[in-house]
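The values are calculated or read from the model by the stated rules, or taken from the named source; none is laboratory data. Because the structure is a prediction, the values reported are computed rather than measured. Every residue, glycine as well, gets a Cβ built from its backbone with ideal geometry; the counts of neighbours run over all protein chains shown.
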Amino acid sequence: MKKNMETGDFSQPAVYPYLLGAYACVNAVPGVTMLVDGPKCAEAKAEYLYGSGDLFSDLLGHSAPNRVVCTGTSPERMTADPESGIVARAGRMLETSSPEACLLAPMPFAAVAGLDYARALGPLFSSSGVPFSALPGSSLSGDWLAGYGDALAALAGIMPLGRAARRPRKVAVVGNPMYRREYDCLGNVRELESLAAAAGVELAVWPGGGSLRSSARELAGASAVIGLPHGLKAAEVLARRMGVPFVGAPLPFGLAGTGAFLAAAARCAGRCAEMAAVIKEARARVYGRSARLVSAVLSGGRAVCVIDPLLEPGLRSVLSDIGVEPAEVVHTSRAAGGRAGSAAGLKRLIKESFPGKCGLLISSNLSPFFVYVGGAYLEFGFPVYNRHCLEESPFLGYSGFLRFIEQAANTVLAARKDPPYVV
């Protein structure tokens, strides 16, 4: 809202809401429950993940308690006795489920009431032995990317860290963009761990698909914490709590980003020479496999990109490497300096660009804001509804670079209306 006041643009922004990002973070860490101080309809946002964007999401369910729970409060109730209602709802939640941790997200009208959630709910969660943290009431001022980062930082603050001897070659990586628990995002974790292991570096990536307790065990003993763009606040919190150095690194998306990330991990672990050899070998593999497909199908093309702003540096690097011009880049978030478009502007851009001016649209699923009727559409980012991954299909690391090229080329080929194309 503040940005709209500054720019005078009051049209509908083409972004997903703050709560959806917070839900994505909770979805990425099994065993964590989200208590929303707001009306029951806030639970419906979980359906953007459960049963649609993530085949393996358990945010809602029939055989187990929901992991997203609403207090059912309303502005009218907030003027009466809001505290007793939320304490009672939290108590019922704890009776019917056994969460490893709980985050609370107040809706804006609840936040302005000024309820001290730590004071009201602290004793209840403390007596239950369940770590608890409240998110800022930022549903109006932030969007999904801010929600993901805030929720991850909150979990970093309550993660049950234990004591462990430092292992010089072990490095924690915090801020993995775990958009969903399918095997594209899980494949990212395996890819980064495998690349590092080849140089004698042990990586512990979070979120990595494990619960909060198991993640705490995996992170224990790390000699440094590398913060990725999606979780810099969380990385700083964990580095401070663990008493180890914090190092920022780019997202390992694309050849340049992957190389810079691996080099940072190698410096933390004292394995620079070994990592240089791994990087050289991996790049040779990438070039050997991709050259023919890139030159025959992708090189010389133009693309419109509607993406997470934290993916933009990597995506520009990938497109440059394969000879595709990013004709237009629009962000799906206003966080992190993102330049999100309006719904009307996005519809206009798509109508003017396809078909004809551009051959490829690279975009997350923004179906509430525009309907794409052109040719090649690679659904990529957050959220994704029309592409699912049952086997490892990373987009990070060197294997992720190859997989992205493969998907882009196959998308372009499938959209062609001429006879079967021979590379």
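The selection criterion, being surrounded by 13 or more Cβ atoms within 10 Å (Cβ to Cβ) and under 25 Å from K45 (Cα atoms), does not hold for S98. With closer than 17 Å to G149 by Cα and not in a helix (DSSP H, G or I) as the only criterion, which of L232, L203, L251, L238 stands out? Checking each option against the conditions leaves just L251. Looking at the structure I just gave you, is L186 among the hydrophobic types (A, V, I, L, M, F, W, C), at pLDDT 95 or above and assigned to a helix (DSSP H, G or I)? Yes, satisfied. Name the pairs: first residue in the stretch 253-279 and in the same structural domain as I405 (by TED's automatic domain parsing), second residue among the hydroxyl-bearing types (S, T, Y) and part of a helix (DSSP H, G or I), Cβ to Cβ under 7 Å, at least 6 apart or on different chains? As it stands, the answer is none, since no pair meets every condition given. If the condition is being among the charged types (D, E, K, R) and assigned to a helix (DSSP H, G or I), then the stretch 359-418 contributes R403, E406. Criterion applied to R283, R267 was being modelled with pLDDT of 95 or more, under 19 Å from P394 (Cα atoms) and under 29 Å from the mean Cα position of the chain (by Cα), and the one residue passing it is R283. Selection of the stretch 173-230 for residues being out of contact with any Cys (no Cβ under 6 Å at 6 or more places or on another chain) and among the charged types (D, E, K, R) yields R180, R181, R190, E191, E193, E202, R213, R217, E218. The condition of being part of a helix (DSSP H, G or I) and not basic (K, R) holds for only one of A344, A327, that being A344. When the stretch 242-258 is filtered for residues that are under 23 Å from the mean Cα position of the chain (by Cα) and either β-branched (V, I, T) or surrounded by fewer than 20 Cβ atoms within 10 Å (Cβ to Cβ) (or both), the ones remaining, listed by number, are F246, V247, G248, P250, A256, T258. Of the numbered criteria (1) modelled with pLDDT under 85; (2) within 25 Å of G300 (Cα to Cα), the one S367 fails is (2). L140 satisfies every condition listed in (1) surrounded by fewer than 22 Cβ atoms within 10 Å (Cβ to Cβ); (2) free of Cβ contacts under 8 Å to residues at least 60 places away in the same chain except (2). For the stretch 20-60, a residue qualifies if it is part of a loop (DSSP other than H, G, I, E, B), surrounded by 22 or more Cβ atoms within 10 Å (Cβ to Cβ) and either among the charged types (D, E, K, R) or more than 13 Å from the chain's Cα centre (by Cα) (or both), and the qualifying residues are G38, S57, L59.
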